[in-house]
Amino acid sequence: MRNKLMVLLAFGNLLLLSGCWDRTEVNDLALVMGIGIDQKDEKTIEVTAEIMIPKVLGAGGTAEGGGGGGETLVRTGEGYTVADAVSQLQEKLPRRIFWGHAKVIIIGEKLAKAGVQQHLEFFSRMPEARLRNHLFVAKGKAKDMLALVPPIERSSSEVLREMAVFEMLLDVTLKDLMQMLIEEAGAAALPLIELLPPEEGKEPQETIAYINRTAVFKKDKMIGELDDKLTRGVLWFRNEMKQATVTVEMNEDEGQGHISAKLLRAETELIPEIKNGKWKITVHSVTEDDIVSNGSKLNLMNPEFVKLLEKKLQKDLEHRMAITLDKIQKELKADILGFAEAFHRKYPKEWQKVEDEWDDVFPKVEVSYDIKIYVRRPGMNTTPQGLPEKEVKKK
């Protein structure tokens with residue numbers, strides 16, 4: 001009797017199970033890989049989606065084709081807001097748009113200069129979209145970047161994602177940008193991408209977009225840009241330098257030639273001080289390097305030559321940071337270096353007095369440098385290779 005009751009109870013429970021009544025099959029979704037937002041005119045914006053094309057299975061059950069491009073399609077919708085443009089974009093597709101696989105968001109240069117906050121707010125609000133999307137500003141139109149057919153990766157979105165996580169230059173996510181815009185300084189920096197010229201014999205679309213500059217924002221509008229060299233200076237200030245190779249030139253008295261050092265590790269700390277009404281920052285930076293190329297006549301087994309090289313590297317870094325500071329502090333006047341946060345943490349009461357006037361205070365902050373660079377590994381070959389022994393400088 002007991003066993004019969006258990007069987008009846010089990011069958012009764014089955015009637016209460018709803019199953020997957022609200023499921024959405026993958027075959028019904030248009031998987032977005034990358035998103036582009038452009039300003040079309042004063043009132044209208046364009047939202048472009050790079051969508052993955054499902055691979056066709058051959059008779060043997062394997063996907064036909066492979067490699068390079070042709071695995072995504074690009075579609076665009078227009079509207080007064082992002083939500084409006086997305087609605088029009090959906091009308092052009094037979095499948096429901098799914099944003100959960102998107103890796104990058106590209107902002108067109110014209111839109112970046114007009115203001116981005118209200119447009120990106122849509123993606124921060126939408127549950128499907130990821131706050132970890134990598135953000136970029138396009139030199140020109142974002143739509144053109146997504147339309148590229150890269151020779152290696154499946155899509156232009158994948159190319160940009162790989163470049164971002166490689167951390168050669170800036171890597172900023174949607175979450176990072178939103179945080180920067182509400183912080184004390186109200187300034188932000190995004191990686192700026194340009195088209196790489198196509199190889200000879202290739203179509204203009206058969207190339208990639210690459211990161212080579214930085215777009216500087218004040219509030220939510222782009223006000224200027226930094227080149228590759230100044231971008232690296234920003235990374236040093238912000239303690240975000242992960243990979244770098246620095247080359248210095250030794251003069252004739254020092255051994256004549258170039259020496260290249262590869263970054264092993266680096267740490268930068270901003271030390272604020274308010275003294276006699278003056279606001280000051282000391283940039284304390286410690287770097288450890290590995291010598292990867294010795295084109296000079298110096299034998300780096302000599303500790304004196306290593307010290308000489310360390311001073312050269314130190315002087316080069318200080319110069320790089322100084323010209324970066326001059327551009328940002330005197331010309332752009334946008335604190336993307338973290339000065340405001342440093343003062344706020346150490347001097348909260350003093351900060352409250354100048355919080356609304358920081359744009360006027362920031363250009364007047366005095367900056368000094370305390371930089372130490374150590375060459376930890378002079379390389380497996382300490383003497384210059386291919387140079388006659390008599391020409392090697394040992395003392």
Checking 235, 300, 263, 270 in turn, the sole residue that is crowded, with 21+ Cβ neighbours inside 10 Å, outside any helix (DSSP H, G or I) and within 28 Å of the chain's Cα centre (by Cα) turns out to be 270
Say we look at the stretch 184-210 and pick out the residues that are assigned to a loop (DSSP other than H, G, I, E, B) and surrounded by 15 or more Cβ atoms within 10 Å (Cβ to Cβ); which of these is nearest to the chain's Cα centre (by Cα)?
-> 208
Listed residues 216, 246; which is assigned by TED's automatic domain parsing to the domain that holds residue 161, part of a strand (DSSP E or B) and in contact with a helix residue (DSSP H, G or I) (Cβ under 7 Å, 6 or more places away or on another chain)?
-> 216
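Within the stretch 122-156, restricting attention to residues that are of a type in the set (A, V, I, L, M, F, W, C) and in a helix (DSSP H, G or I), which residue is farthest from the chain's Cα centre (by Cα)?
Among residues in the stretch 122-156 that are of a type in the set (A, V, I, L, M, F, W, C) and in a helix (DSSP H, G or I), the one farthest from the chain's Cα centre (by Cα) is 122.
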Look at the stretch 171-197 and say how many of its residues are closer than 25 Å to residue 118 by Cβ and at pLDDT 90 or above.
-> 17
Top-ranked residue in the stretch 77-110 [being in a strand (DSSP E or B) and more than 25 Å from the chain's Cα centre (by Cα); ranked as nearest to residue 147 (Cα to Cα)] | 77
Being more than 20 Å from residue 264 (Cα to Cα) and among the aliphatic types (A, V, I, L, M) is the filter here, so list the residues in the stretch 292-346 that pass it.
-> 298, 322, 323, 325, 328, 332, 334, 336, 337, 340, 342
Just one of the numbered conditions (1) on the phi > 0 side of the Ramachandran plot; (2) without any contact (Cβ under 8 Å) to a residue 12 or more places away in the chain is not true of residue 198; which one?
-> (1)
Among the candidates 313, 308, single out the residue that is out of contact with any Phe, Trp or Tyr (no Cβ under 8 Å at 6 or more places or on another chain), free of Cβ contacts under 8 Å to residues at least 60 places away in the same chain and closer than 30 Å to residue 250 by Cα.
-> 308
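The values are calculated or read from the model by the stated rules, or taken from the named source; none is laboratory data. This one's a predicted model, so the numbers in the text were calculated from it and none came from an experiment. Here the Cβ is made from the backbone with ideal geometry for all residues, glycine too, and neighbour counts use every protein chain on show.
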